[in-house]
Amino acid sequence: MAPGPAPDSPRSSQSPAPSGAQGDLELELLGLANALYNLGTTIINDSTKERDKPGGGKQVGLRVNEVVNHLSTIDDMAQHIKTMIPLQVLTEVDNSRNPMLLTRERIERAATENQYMNGKIAAINSYRNYLNEALVQNFPELEEYFHARPDEIQLPVDPVANAPPFTIDDSSRTELMKSLLRDLKTASAKSGSKPLSPKDAAQALLAVKELGKNPVGSQFIATPENLKTLLELALSFKDDPEASSEALRSVANALFLVEKARSTILEKEVDGGVLALSMLEKTTIPDHIFVLSRILFLITVPGPSFIKNLVEDKYNGHNAIEIISSKLDLLTVGILTGKKMAREAMSDILKFTFNVLLYYPKMVRTEPQTPEANNPDQTPIIGDFWSSKLDSLLAPALRVFTSLPPTSPNPIAAPLTHVIHTLITIPISAELRPIWFGTNVIASHRASVSNSPKNASRSQTPQPVSTSSSSSGNDSPQPTPVSPKPSTFDRALSVLAAGRRSLSRSPPSNTTAPTNVVQRTYELMDTAFAYFFPDVVDVDDASVRDRAKQESPDNSLDDLLSPLVVLLSRICAADEVSRVRVRQLIIPDGLDRSSPLEGRSDMLGRCLRLMTSVYHSRLKDAVGEMLFAVCDSDGKFYRGLRLHMLIVPIASVLSALVGYGNVAGFLYNKGVLSAPPAPSATTSTYTPNAATASINPITGTTNNTKQDLPEMTEEEKEREAEKLFVLFDRLEKTGAIPPSQNPIRKAIQEGKIG
């Protein structure tokens, strides 16, 4: 248990007095303050006219005696108090200054002097080492007398590692890092001369990492020689996880601060990418997976050709895709069992995965997915191409997506956000449909990395059969693969996932739809919308943006929620059963249309309010595309046949479901410039019925029969005409309309009004 604060340490002004002599003194001082206050008020009252009133006079002497008694008690108690208060602190208080300023000045001065002395110690030790080396070279027989002791080297390391930022000048920083790396390299080589024992390596590497957080220090690390040294140290101290982790963190910090280092580390002299991936393949420690994934993520941010080597070459018998898949499954179990650093490691390996999925298909340009991909004049974007070599990433990514436990209060947080980004980049092709929409994604797990190279081939990847009865993208029957016998890992993951699903607030579906991914995506979207847009709050209200800023200061709601909506849109566009299911969840057949749909407090109301948002433009467009996708009867529009003749029927269904007025702006941007005709043909996702005729096509609400109003009298007609005349005259005078467009003036000129 950590020790509590010292009894004489500063406390909150509202906290109770401590027990013991100091607490008694504090209470006595408080009593003295009250006595002095009472004495002052008594003197003032006795000097006024109240003094002459019968019974109104107060005895000043009594109040003076109270003050004297308190002073006497305090003097006696002072003999038992050992705490000394500097006179300068009392002076600061008298001058109405915070006494903590004095404390800060003393600490800063002590740190400066301490660092100055540490620099002297480091300089002396460095000089001693140089002198010893020179003596050994000239007098080899004296070598045994110059072995440095570990405690002598440890002296300057701790202060350097714990030194406040910017207290070391640039030249000293470089010299210290150079000395530390030299000693570390010598210690790891296990040569005759050991200026640093292996047990002190972690502390020394921590000092290197702290020194490298400064731009000058990071520039020093970013050289090929030092990057190579640190990666070799991480390998040399593999038996000491802490030391190895500190070496890797030093490299990661340099890659983050020095952009040029991301290409330097890939040079043949360093070969850092291969070393990092090899270490990632061998490690099972979440902290190491986190740092190595961060290094690989930073290396692949610029999209180097090294990504192609990662996918196509083997490292210890496995390529990067197989290594990533195995680590995703390992970290999924680690998160479900609460292992430390598992979430952070999952976030960074998913960032690395996203870079591979983003760049590799555009490098090889195989398996085009969109009509635009065949245009050689256009720069390829994400989703234009795909490669079957990346297929094996889908199953573990889906297991992560469906197995991650919920977070509260914000349901959209890392690493969930990163796996959503990863899934968006993977197409829903005919080959991948069994994995996307299989009902046994988790149970069909096979270890991504096996001992046999044949088992890593794409032809051997188990793909569960899609139970969807209708597949708009592929009507041919899918072959039934033979699932391998589940391993212990499979059974553990299935049990954990089943436990999570048993707590779901939504009942199981009666259809054979791909409920695993679709239901999970919709539940996340529903929960996230309810959190960020509670009740019927205006989506552009300042409180909504404040909440988003509080949850994620670096991201807007567009960044947080749009990818999830896009994922649901892609699923609905690719599968008819998913479209029907999501449409029924958002716009059920028995929807109450007696009140405005945009005023509802459910998913439909929030989506329609977002359609008119000003601050969340990307989220608004994503929601519009999602609603448009669930109304696409056969998915042709989202399969690339983006013809105007396909837009109008979909727009008709969308307007009939939610009202043209709620989606007019979105449809205008799609080329539908006016209200589309009512849907007439029956589709697989929407069937007009008799109740449809009673729905207002503009608002989407039920038409209320208007009561017959009595005929207006001549006097009422004259009053209404006068109101119109005044209104148009005011509009003309303010410049809102030109005189030629004033209907009242025009009627007078034509003689229609006398």
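Residue under question is THR332, and the condition is that it be open to solvent by less than 10 Å² (accessible area, probe 1.4 Å), in contact with a helix residue (DSSP H, G or I) (Cβ under 8 Å, 6 or more places away or on another chain) and among the polar types (S, T, N, Q); does it hold? It would help to see each step written out before you state the result.
Values: open to solvent by less than 10 Å² (accessible area, probe 1.4 Å): yes; in contact with a helix residue (DSSP H, G or I) (Cβ under 8 Å, 6 or more places away or on another chain): yes; among the polar types (S, T, N, Q): yes.
The answer is yes for THR332.
Output yes when any residue across region 292-312 is open to solvent by 20 Å² or more (accessible area, probe 1.4 Å), within 19 Å of ILE221 (Cβ to Cβ) and among the basic types (Lys, Arg), and no when none is.
Scanning region 292-312, I find at least one residue that is open to solvent by 20 Å² or more (accessible area, probe 1.4 Å), within 19 Å of ILE221 (Cβ to Cβ) and among the basic types (Lys, Arg), so the answer is yes.
Among the residues of region 230-252, count how many are open to solvent by less than 50 Å² (accessible area, probe 1.4 Å) and assigned to a helix (DSSP H, G or I).
Start the filter on region 230-252 by keeping residues that are open to solvent by less than 50 Å² (accessible area, probe 1.4 Å), which leaves 230-231, 233-234, 237, 240, 243-248, 250-252.
Add one more test, that the residue is assigned to a helix (DSSP H, G or I), and what stays is 230-231, 233-234, 243-248, 250-252.
The total comes to 13.
Let's see how each residue does on (1) part of a helix (DSSP H, G or I); (2) loosely packed, with under 14 Cβ neighbours inside 10 Å; (3) not β-branched (Val, Ile, Thr):
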position	(1), (2), (3)
ARG97	no, yes, yes
ARG106	yes, yes, yes
ASN118	yes, no, yes
VAL136	yes, no, no
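Restricting attention to region 38-71, which residues are part of a loop (DSSP other than H, G, I, E, B) and modelled with pLDDT under 70?
If the condition is that a residue be part of a loop (DSSP other than H, G, I, E, B) and modelled with pLDDT under 70, then SER47, THR48, LYS53, PRO54, GLY55, GLY56, GLY57, LYS58 are the ones that fit.
In region 279-308, what residues are free of Cβ contacts under 8 Å to residues at least 24 places away in the same chain and more than 18 Å from ALA234 (Cα to Cα)?
From region 279-308, those free of Cβ contacts under 8 Å to residues at least 24 places away in the same chain are 283; that's our starting set.
Residues satisfying the conditions do not exist here.
Quick one: how many residues across region 368-389 are surrounded by fewer than 19 Cβ atoms within 10 Å (Cβ to Cβ) and either without any contact (Cβ under 8 Å) to a residue 40 or more places away in the chain or outside any loop (DSSP other than H, G, I, E, B) (or both)?
Summing the residues that are surrounded by fewer than 19 Cβ atoms within 10 Å (Cβ to Cβ) and either without any contact (Cβ under 8 Å) to a residue 40 or more places away in the chain or outside any loop (DSSP other than H, G, I, E, B) (or both) in region 368-389 gives 13.
Can you work out which of the residues in region 547-581 that are small (Gly, Ala, Ser) and outside any helix (DSSP H, G or I) is most open to solvent (accessible area, probe 1.4 Å)?
First pass over region 547-581, keeping only residues small (Gly, Ala, Ser): 548, 552, 556, 562, 569, 573-574, 578.
Checking which are outside any helix (DSSP H, G or I) leaves us with 552, 556.
Details: SER552: 18, SER556: 50 Å².
Once the filter is applied, the top-ranked residue is SER556.
Select from region 407-429 the residues that are out of contact with any Asp or Glu (no Cβ under 9 Å at 6 or more places or on another chain) and modelled with pLDDT under 90 and list them in ascending order. Steps first, answer last, please.
Pass one, region 407-429, residues out of contact with any Asp or Glu (no Cβ under 9 Å at 6 or more places or on another chain): 407-408, 416, 419-425.
THR407, SER408, listed by residue number.
Taking the options GLU367, GLU344, name whichever one is within 21 Å of PRO434 (Cα to Cα) and not basic (Lys, Arg).
Working: GLU344 fails: within 21 Å of PRO434 (Cα to Cα).
Result: GLU367 is the single residue among GLU367, GLU344 that is within 21 Å of PRO434 (Cα to Cα) and not basic (Lys, Arg).
Of the residues that make up region 306-313, is at least one over 14 Å from LEU275 (Cα atoms), within 27 Å of the chain's Cα centre (by Cα) and not β-branched (Val, Ile, Thr)?
no
Taking region 590-613, which residues are over 16 Å from PHE532 (Cα atoms), touching a residue at least 24 places away in the same chain (Cβ under 8 Å) and assigned to a loop (DSSP other than H, G, I, E, B)?
Of everything in region 590-613, those that are over 16 Å from PHE532 (Cα atoms), touching a residue at least 24 places away in the same chain (Cβ under 8 Å) and assigned to a loop (DSSP other than H, G, I, E, B) turn out to be ARG593, SER594, SER595, PRO596, THR612.
Could you tell me how many of the residues in region 345-367 are closer than 16 Å to ALA276 by Cα, β-branched (Val, Ile, Thr) and open to solvent by 10 Å² or more (accessible area, probe 1.4 Å)?
Summing the residues that are closer than 16 Å to ALA276 by Cα, β-branched (Val, Ile, Thr) and open to solvent by 10 Å² or more (accessible area, probe 1.4 Å) in region 345-367 gives 0.
Note down all Cβ pairs under 8 Å where the first residue falls in region 401-420 and is within 14 Å of ASP526 (Cα to Cα), the second is in a loop (DSSP other than H, G, I, E, B) and aromatic (Phe, Trp, Tyr), and they're at least six residues apart or on different chains.
Within 8 Å, no pair qualifies.
Could you tell me whether region 699-714 includes any residue that is assigned to a helix (DSSP H, G or I), modelled with pLDDT of 80 or more and open to solvent by 70 Å² or more (accessible area, probe 1.4 Å)? Full working, then the answer.
Within region 699-714, the first condition is being assigned to a helix (DSSP H, G or I), and the residues that meet it are 714.
Next cut, modelled with pLDDT of 80 or more only: 714.
Then drop every residue that is not open to solvent by 70 Å² or more (accessible area, probe 1.4 Å), which leaves 714.
Taking every residue of region 699-714 in turn, at least one turns out to be assigned to a helix (DSSP H, G or I), modelled with pLDDT of 80 or more and open to solvent by 70 Å² or more (accessible area, probe 1.4 Å).
Residues in region 587-594: is at least one buried (at least 20 other Cβ atoms within 10 Å of the Cβ), closer than 19 Å to LEU524 by Cα and more than 28 Å from the chain's Cα centre (by Cα)?
Yes - at least one qualifying residue is present in region 587-594.
The values are calculated or read from the model by the stated rules, or taken from the named source; none is laboratory data. Everything numeric in this text was worked out from a predicted model, so none of it was measured. Glycine also receives a Cβ, built like all others from the backbone with ideal geometry; neighbour counts cover every protein chain displayed. In case anyone asks, the SASA skips ligands and DNA or RNA and just uses the protein heavy atoms, side chains included. Shrake-Rupley method; radii C 1.70, N 1.55, O 1.52, S 1.80 Å.
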